[in-house]
Amino acid sequence: MSFLIDKISQFISTYYLDPIRGDEGYNPVNTFTWAVILGICIFGVFRLLEKLKVKITPRFIVSVLPFVLAGSSLRVLEDSPAGIIHPPLTYLFITPNIYFLVFAVTVSCLWLSIRLQRAKLVKDFHVIFAGLGLIWFFANLIILLHFENIVAPYVPLFVLGAGTGLTFAFYLVARHFKSSIFTDPLNLSILMAHFMDASSTYIGVDMLGYFEKHVVPTYLIELTGTALVMYPLKLIIFTGVIYMLDTQFEDDKRSQDLKMLIKMVILILGLSPATRNTIRMMLGI
């Protein structure tokens, strides 16, 4: 029995704990595990939003995005060599732990915003909710800029410019072929977020000497010798996912709400690393 316990303990340490302690990135085992947990969490969040009577609209998704920026900048605080955050507290700010922290803060702010609206102290909870996220994001930026210097101001310009330019080019092609799916603003926002993520990976890996932490992108970058491979990878995967979401879901309200939630999660999965990577490279962290 002790032998089995030792093996299980070693397995957990090797594939889960050590990557967190050393911020070593992802391996096939923890990647699969986090993907499964993400899928479970999506349905948990869906039930939570139903209980709070929050309709998942593009307006709601926009109000969530400041918290994505806040969470990503919070992760950079842990990355900072200035030692802004010290162990063991740093472990709370490493993936995947930071996701649970940001989620808890975001839900708390959402609940507070809804309560303020129901008490008729504010007219629209979306505005207050987004405002709280923006305050958190700017607070993180102020702290970072206090401890760190901007060393590569061109990085955010490149990431935003490349992401916007590629999305606009995609939009022109989609409009030419009269595709309502791929000219939809939310779907274009998803593609833009992931093009920005690809752009941050490209400039980081190919130009500035950073390295990719995710399993599949790492393999493809090593195979092709360039992070430019991220662009077709993102395009193929997410045009396929968007097409499936918009053609395979039922028309009833609950299915449509679930579809919107999944789209929001996919948008976050692109914007979050794009933001973190961009801030890190801009500050030379």
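The values are calculated or read from the model by the stated rules, or taken from the named source; none is laboratory data. This structure is a prediction, so every number in the text was calculated from the model and none was measured. Every residue, glycine among them, receives a Cβ derived from its backbone with ideal geometry; neighbour counts consider all protein chains shown.
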Practice task
Output the residue which, of all residues in segment 28-72 that are of a type in the set (S, T, N, Q) and touching a Phe, Trp or Tyr at 6+ places or on another chain (Cβ under 6 Å), is modelled with the lowest pLDDT.
Solution key: 30
Exercise for the section: Please work out if residue 132 is in contact with a Cys (Cβ under 7 Å, 6 or more places away or on another chain), of a type outside the set (Phe, Trp, Tyr) and outside the structural domain of residue 280 (by TED's automatic domain parsing). Expected result: yes
Completion exercise
Restricting attention to segment 176-197, the residues that are in contact with a Pro (Cβ under 7 Å, 6 or more places away or on another chain) and farther than 24 Å from residue 158 by Cβ number exactly 1
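Being within 24 Å of residue 50 (Cβ to Cβ) and in a loop (DSSP other than H, G, I, E, B) is the requirement here; does residue 250 meet it?
yes
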Fill in the blank from the handout: Scanning segment 37-91 for residues that are free of Cβ contacts under 8 Å to residues at least 40 places away in the same chain, farther than 25 Å from residue 114 by Cβ and exposed (fewer than 13 other Cβ atoms within 10 Å of the Cβ) gives 39, 83, 86, 87, 88, 89
Practice task
Kindly state which helices (runs of 4 or more DSSP H) lie completely within segment 127-224 and contain at least 2 residues that are exposed (fewer than 15 other Cβ atoms within 10 Å of the Cβ).
Solution key: 154-176, 215-224
Exercise for the section: Kindly check whether there is at least one residue in segment 260-271 that is under 22 Å from residue 66 (Cβ atoms), in a helix (DSSP H, G or I) and among the charged types (D, E, K, R). Expected result: yes
Handout entry: Where residue 210 falls short, out of the listed (1) of a type in the set (Ser, Thr, Tyr); (2) at pLDDT 95 or above; (3) touching a Gly at 6+ places or on another chain (Cβ under 9 Å)
Key = (2)
Handout entry: Selection from segment 185-211 of residues that are among the acidic types (Asp, Glu) and without any contact (Cβ under 8 Å) to a residue 24 or more places away in the chain
Key = 206
Problem - Criterion: over 30 Å from residue 49 (Cα atoms) and among the hydrophobic types (A, V, I, L, M, F, W, C) - qualifying residue of 221, 266 - result: 221
Exercise for the section: Could you please give the count of residues in segment 190-204 that are within 15 Å of residue 279 (Cα to Cα) and β-branched (Val, Ile, Thr)? Expected result: 2
Exercise for the section: Would you check which residues across segment 144-189 are more than 24 Å from the chain's Cα centre (by Cα), over 29 Å from residue 279 (Cα atoms) and not charged (D, E, K, R) and list them? Expected result: 172, 173, 174, 176, 177, 179, 180
Fill in the blank from the handout: Output for Cβ contacts, cut-off 7 Å, separation at least six or different chains, first residue over 29 Å from residue 279 (Cβ atoms) in segment 117-143, second among the charged types (D, E, K, R) and surrounded by fewer than 16 Cβ atoms within 10 Å (Cβ to Cβ), reads 117/124
